[in-house]
Structure formats: structure tokens, C-alpha cells
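J.: For reference, the structure I am asking about is given below.
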Amino acid sequence: MREKEWQLAEGSLYYETEESEVRITRFQGLSSHVEVPEELDGLPVKRIAKKAFLSKKNLRYVVLPHTVEEVGDWAFAYCGHLLEVTLPRKEIRFGKAVFMECGELQRITAAECRESHCGGKTEPDRQPAFPAELMAAAVTRMDAAYLLDIAAAGTAEWYGKWDARMLTILRTSDQEGYSKQILCGEEDYGSTDIAAYMSSRRKEKVRLIFLRLLFCRKLSAGLQKELEDYLRTHTKGETQEEAWQVILAEHGTHREYYGLFASIGCVTKDNINGILEDIGEEHTEMKAFFLRFQEETWGSEDFFTELEL
């Protein structure tokens, strides 16, 4: 079957026609944003072939048309800088490992709706139904390809499955998988030290918790409390500080994150000075936020007294 070319601004989509439909076979080029057309040669684009966008490092945004019915194995695997994928909100057949090693993927969304922040409090009337950020996390952080169900996403059943998978991860021992890593010679955690490995596992748990609290549609009060408790027991000044470490290293410019961190009790009179000291001069807006939080909550006398000593 002869492969044809459809040119983009900085690249080309290659495709084949099969009876009454089109299959995208591969992409070549430097485009960061690719919008696959609905039709080519007057026929609907229905399939994205196996490995069609494999390892395209420049790719940031992809939009698939409403005509798509199937996305093949490893179609976007190893697209290490892919940030967002827009899919039609319908039933789509996905192959295996479609988004494998897409570590920066932040959103898998339907074109017509997006989930909004709600600061850790359930406000269903103010949020659209499609859980774009949680959908991306399902395939990048949770190894839960079964949640890549575009038609069902946002339903109570879908959220129930997402939360069940999250709880499985949270309740798994921090040591789980360590022996396998050592035997296989893997060093994904930067060290074969078990303490470093366990800390990395806790950070992964913390990232999921922050995400769920920020995008909290259909989050039960009981589960919300459990998630907040985990963060409070891993804040600055605790034996394990991963909740604070994630905020400082990854969200110093994201007010929604450090605002949530403060609002649920992770900032206390006992740890506020340590938090301010850790920030130093690195994140001025975050430091100003915590200074204001300190003053409004306890007054600022203790902090400035320590500076004078």
C-alpha cells in the first residue's frame, strides 16, 4: 500500500488509505504542535498507527480529530516533552503503552471541557466534567491504562476507579520494588540506598495526593481527610518531610500548591521559620505568601526576633 504525505508547517504526516478510511502511519518533522486533520483525500482519519509518533522529542501538543476510533501500540511512547493531548470525547480503542515514558504529560483532555482547580474543597457546580489532569496522571504516574476511558471519564464510577488505584499506591509499602530494582541493576532513583528509594516512593505518593486535592471533584470527605493527613505527617519538621520537599523543589512558583499546603495545616507555628529558611531567596512570591500567612496566623514577632540574634 502506497504511503502518502500531508505537509505541516514544520513537518509531515504520512498516511495510508484503506477502503473508506485513513490511517496515520508516522510523523516526521520538528513541529511542537500537531493537529491531525479530520479528512485526507476526502476520507475520514480513523486510525493512528503503532509507533506513529514514537520518540518525537519536539512534540508538545497533539490534537486528534473527532473521527479517530483507534490509537495503536506505543503511538506516543517516549515523547518526553509532550505536555497535552486532546482527544474526541467518545469511545476510542487504545493499544498498549500508548503514552509510555511521557513523563511531562500534564493533560489528556476532551476538546469541549476541562477540569478546574478547587483548592482542595469539593465544588462540583463550578467544575467541568472532564478530569484532564487526573487522566494524564493515570497513565504517567499510576500505571493504570484501564482509566484511559474517554467516554466514561468524569463519571462517579471512573473517579471511584481512579481513587481506588491511588489508594493501592498510597498503602503499598515504601520498600515495595526495592529488591527488584537492585537485582535488575536499575538506578531510576539516583541511588541504590534504600532510604533514598523509600523517600522517592513517598514523593510519588505526595504528588498524587496534591493532584487529587487540587482536582477534587467527587472526592469523599473521608478520603480527603486521609490524603490531607498524609501530607501533614510528611511536612517540614516531621521525621519524613517529602510533602514539603516536593513543594519546595517542584512548586515554588505554583501558588495553588503552596496555598493548599498552608490551608490544610502543613504550615505550623513550629515549622514556619524552618520553611522560610529553606526557601531563602529562591522563590520570592512563595516566601512573601508564607510571611504573610505567618503574620496573619501567629504574628511575625518570633521570626524577626530570631533574625536579630
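The values are calculated or read from the model by the stated rules, or taken from the named source; none is laboratory data. Bear in mind the structure is a predicted one, so any value in this text is a computation, not a measurement. All Cβ positions, even for glycine, are placed from backbone atoms using ideal geometry, and neighbour counts span all protein chains on display. Ligands, DNA and RNA are excluded from the accessible area calculation, which covers all protein heavy atoms including side chains. Shrake-Rupley method; radii C 1.70, N 1.55, O 1.52, S 1.80 Å.
J.: Between Ala221 and Tyr14, what is the label-point separation in nm under the 7 Å Cα-to-beta-carbon projection?
T.: Result for the modelled spin labels: 5.9 nm.
J.: Rank-order 253-266, 9-22 by packing density, defined as the average count of other C-beta atoms within 10 Å over each peptide's residues, highest first. Numbers along the way, then the final one.
T.: Working: 253-266: 18.2, 9-22: 15.6.
Highest to lowest by the protection proxy: 253-266, 9-22.
J.: Just to be sure I understand the model, the point goes 7 Å from the Cα along the line to the Cβ. What's the resulting Leu170 to Glu69 distance in nm?
T.: 4.1
J.: Here is a follow-up. Placing +1 at every Lys and Arg Cβ and -1 at every Asp and Glu Cβ, with all other atoms neutral, what dipole size does the chain have around its Cα centre, in debye to the nearest 20?
T.: My answer is approximately 980 debye.
J.: So what are the three principal axis dimensions of the range 236-297 from its Cα atoms, in whole Å, longest to shortest?
T.: That works out to 27, 25, 20 Å along the principal axes.
J.: If you average the sequence gap of Cα pairs under 8 Å that are 6 or more apart and divide by the length of the chain, what percent do you get for the contact order?
T.: Relative contact order of the chain: 9 percent.
J.: I want the antiparallel fraction of DSSP beta bridges within the range 1-117, as a percent rounded to 5.
T.: 50
J.: Under 10 Å, Cα contacts only: if you run a Gaussian network model on the chain, which one of Asp193, Asp73, Asp174 comes out with the highest mean-square fluctuation?
T.: Of Asp193, Asp73, Asp174, the Gaussian network model singles out Asp193 as fluctuating most.
J.: Which pairs break 30 Å Cα to Cα here: Lys4/Lys161; Lys50/Lys218; Lys180/Lys225; Lys57/Lys287; Lys57/Lys218; Lys4/Lys96?
T.: Lys4/Lys161; Lys50/Lys218; Lys180/Lys225; Lys57/Lys287; Lys57/Lys218
J.: I've got another one for you. What area, in nm² and to one decimal, does the C-alpha convex hull of the range 26-81 cast on average over all directions?
T.: The Cα convex hull of the range 26-81, projected and averaged over all directions, gives 3.6 nm².
J.: Here's a follow-up. Whole number in Å², please: accessible area per residue of the chain, 1.4 Å probe, ligands, DNA and RNA not counted.
T.: Dividing the accessible area of the chain by its residue count gives 50 Å².
J.: Still on this model: Compute the helix-to-body angle for 284-297: its Cα long axis versus the longest principal axis of the chain, expressed 0 to 90° and rounded to tens.
T.: That helix lies at roughly 50 degrees to the long axis.
J.: Further question on the same structure: Under 1.5 on a/c is rounded, so check that first for the range 39-116, then, if it is not, pick prolate when a/b is larger than b/c and oblate when it is not; a ≥ b ≥ c are the square roots of the alpha carbon gyration tensor eigenvalues.
T.: Note, shape of the range 39-116 comes out oblate.
J.: Also: Taking only DSSP H segments of four or more residues, each worth -39500 (n - 2.57), what value at 222 nm results for the chain once the sum is divided by all its residues, to the nearest 500 deg cm²/dmol?
T.: Helix-only estimate at 222 nm: -11000 deg cm²/dmol.
J.: With springs only between Cα atoms under 10 Å apart, run a GNM on the chain and tell me which of Leu170, Leu276, Leu219 wobbles the most.
T.: Greatest mean-square fluctuation among the candidates belongs to Leu276.
J.: Which translational diffusion coefficient, to the nearest whole µm²/s, is obtained for the chain from the Stokes-Einstein equation, given a Kirkwood hydrodynamic radius over C-alpha pairs, 10 °C and 1.306 mPa s?
T.: Rounded, D is 73 µm²/s.
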